[in-house]
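Remarks on the structure that follows.
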Amino acid sequence: MIRVSSFRQGITWLMLSSSVAFAVVIALLLSLLHLNHVDKMNESHAQAISQVISNATSRFLLFDDAEGLTNSLQYFRGIPELQHIHVYQRSDISAEQQLRYFASFNREGLAPIPVRIELITSFSGARSQANYVEVARPVMIDNEQLGYIYLRTSREHSTQAVWLTALASSALVVLTGVCVWLLSLRARSKLMLPLDTTVDIIQRISRNRDYSIRLPESRLLELQQLAISFNTMLARVEQHLERQHQAERNANELNAELERQVQQRTTALREANAELIETLEKLHQFQRQMIENEKMQSLGDLIAGVAHEINTPVGLVITSTSILQDKLELMQQKFQENTISRKDFERFMEASEDNLSLIRRNIERTADLINQFRQLAMDQFAEETREVNMRTFCQALLRSASKRYPALSDIDVHIDCPPELQITTRIGPLRHIFKQLLENSMLHGFAEREHGRIDLHVERLNGKQIQIRYRDDGAGIPESLKRRIFDPFVTSRRRQGSTGLGLHLVYNLVTRALGGTIEVDSTPGQFTEFSMTIEA
């Protein structure tokens, strides 16, 4: 026996189950991404703390001042997530360097941890454990290793993030289910109304045998097709009955019936065309929405990249300023108590010099980043166009780049440009494009090599355009970055100080300042080629 089920219930359960399943998958993916981001931020924060501690520890290891270092480590108790700090000194014993325990810091209320000499010699950097993040970092002065520091930071924020993420995901799934259920009630009421009308008319035709009744037109494509087919069937039945009762129907009646069928099909075709036009309009509207969404996503990535790049140097400046303020308050207290000594003053001067040097470097780093961000504005390249010989321009630019990158002398650079080629364009943007491409070749393409080849080909396509092809046989672009190479903050050397703004600026200069196009082709380990067409 066939089990009968309700079409209304089927619509509700289909929409509810599919939407809830989709919401669960999305919530799970977002939760995993969020938790992974929290762990990465904890490790990054722990490494930043270890860098500050390493800078503050070096002078104590150099002068073998364990007591001063122990007192100095107490200043880090103001970092709530910091739990333990161990400092180990490298000593020379029988011509073999070994590590020995030197000083430590343990947060009040936490039991001390054992000596970690064997652990820190096996890894360097940061890694997350179940309840904490541990970091091992060497202490260096003038390329000389004085020892190691080992520290632990709490992962309490990560645990809280797990619960908050689980709670938010559950709330999202429940809210999605409720909204979809309400939406399904509304949808099935609208869908079932024309279907109920159709069923009622068919039952009336079957009960009264009135084949002159026709199904009405519907806004739903399936019901419309059903109505057309059923109406055609009724017409044929009616024709058959009419032929039986009126065998002598004349040709005019037949022609009228044929005209009625043609009109019926014409109406159906007109309605199908109207539905097609409506579908195309909806598709165009969806495309515009997708473009707006991509613009908003790019803006969000740009803001996140700026915040990420500036956060680290500014955070180090704030930390160093806080340490220097504590040192100054201590010296003021000793001065007022008349207990200051020459050694205390020397330590204060050393600490001040180290922290001020760290502050200066990070402020310079921040200023350099801001200067790179300013280069993203095209207003600075709003200069007048002028005429220049392209070959002479390329040769002068190569000589200038050789002074900045001496290693460029080991690279074979070939310029293929007609000597008589004269162009009229904005020289500032064009100069910056070539400098950035040469810089990318030296810092990325030939970073692991001493020799290579760069080919620069320039030719005029027509009276108004020139084509520039820049190619190097360096390391190439990784497949994971090739599709996003012109996006801001995309780089494979984030830890080496690259910001990922160079090719984004090149793209903006080519397309906006010079009114051209740019394409990239690369094979990892073989070559990278940029092809540009500009108005000149």
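Assorted remarks:
- Number of the condition not met by S122 [criteria: (1) over 30 Å from E353 (Cβ atoms); (2) in a strand (DSSP E or B); (3) of a type in the set (S, T, N, Q); (4) under 41 Å from the mean Cα position of the chain (by Cα)]: (2)
- All positions within the range 336-370 that are surrounded by fewer than 15 Cβ atoms within 10 Å (Cβ to Cβ) and among the charged types (D, E, K, R): E337, R342, K343, E346, E353, R360, R361, E364, D368
- Some residue of the range 303-321 being among the β-branched types (V, I, T), at pLDDT 85 or above, in a helix (DSSP H, G or I) and out of contact with any strand residue (DSSP E or B) (no Cβ under 6 Å at 6 or more places or on another chain): yes
One line per residue, one yes/no per condition, for (1) closer than 19 Å to V139 by Cβ; (2) polar (S, T, N, Q):
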residue: L32; (1), (2): no, no
residue: Q51; (1), (2): yes, yes
residue: S58; (1), (2): yes, yes
residue: E67; (1), (2): yes, no
residue: Q74; (1), (2): yes, yes
residue: Q83; (1), (2): no, yes
residue: Y101; (1), (2): yes, no
residue: N106; (1), (2): no, yes
residue: S122; (1), (2): yes, yes
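- Any chance L421 is at pLDDT 90 or above, farther than 24 Å from T491 by Cβ and surrounded by 13 or more Cβ atoms within 10 Å (Cβ to Cβ): yes
- All of (1) in contact with a helix residue (DSSP H, G or I) (Cβ under 6 Å, 6 or more places away or on another chain); (2) within 30 Å of T12 (Cβ to Cβ); (3) modelled with pLDDT of 80 or more hold for P194 with one exception: (3).
- Residue that is nearest to D65 (Cα to Cα), among those in the range 316-364 that are in contact (Cβ under 8 Å) with a residue 12 or more places away in the chain and among the hydroxyl-bearing types (S, T, Y): S352
- Residues of the range 129-174 satisfying the condition of being in a loop (DSSP other than H, G, I, E, B) and over 21 Å from H86 (Cα atoms): D142, N143
Residues checked against (1) modelled with pLDDT of 80 or more; (2) out of contact with any strand residue (DSSP E or B) (no Cβ under 7 Å at 6 or more places or on another chain):
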{"position": "I2", "(1), (2)": "no, yes"}
{"position": "V24", "(1), (2)": "yes, yes"}
{"position": "H34", "(1), (2)": "no, yes"}
{"position": "M41", "(1), (2)": "yes, yes"}
{"position": "S54", "(1), (2)": "yes, no"}
{"position": "Y75", "(1), (2)": "yes, yes"}
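- Number of the exception - A171 against (1) surrounded by 12 or more Cβ atoms within 10 Å (Cβ to Cβ); (2) within 21 Å of W13 (Cα to Cα); (3) hydrophobic (A, V, I, L, M, F, W, C): (1)
The values are calculated or read from the model by the stated rules, or taken from the named source; none is laboratory data. Owing to the predicted nature of the structure, the values given are computational and were not obtained by experimental measurement. Cβ: placed from backbone, ideal geometry, glycine included. Neighbour counts: every protein chain shown.
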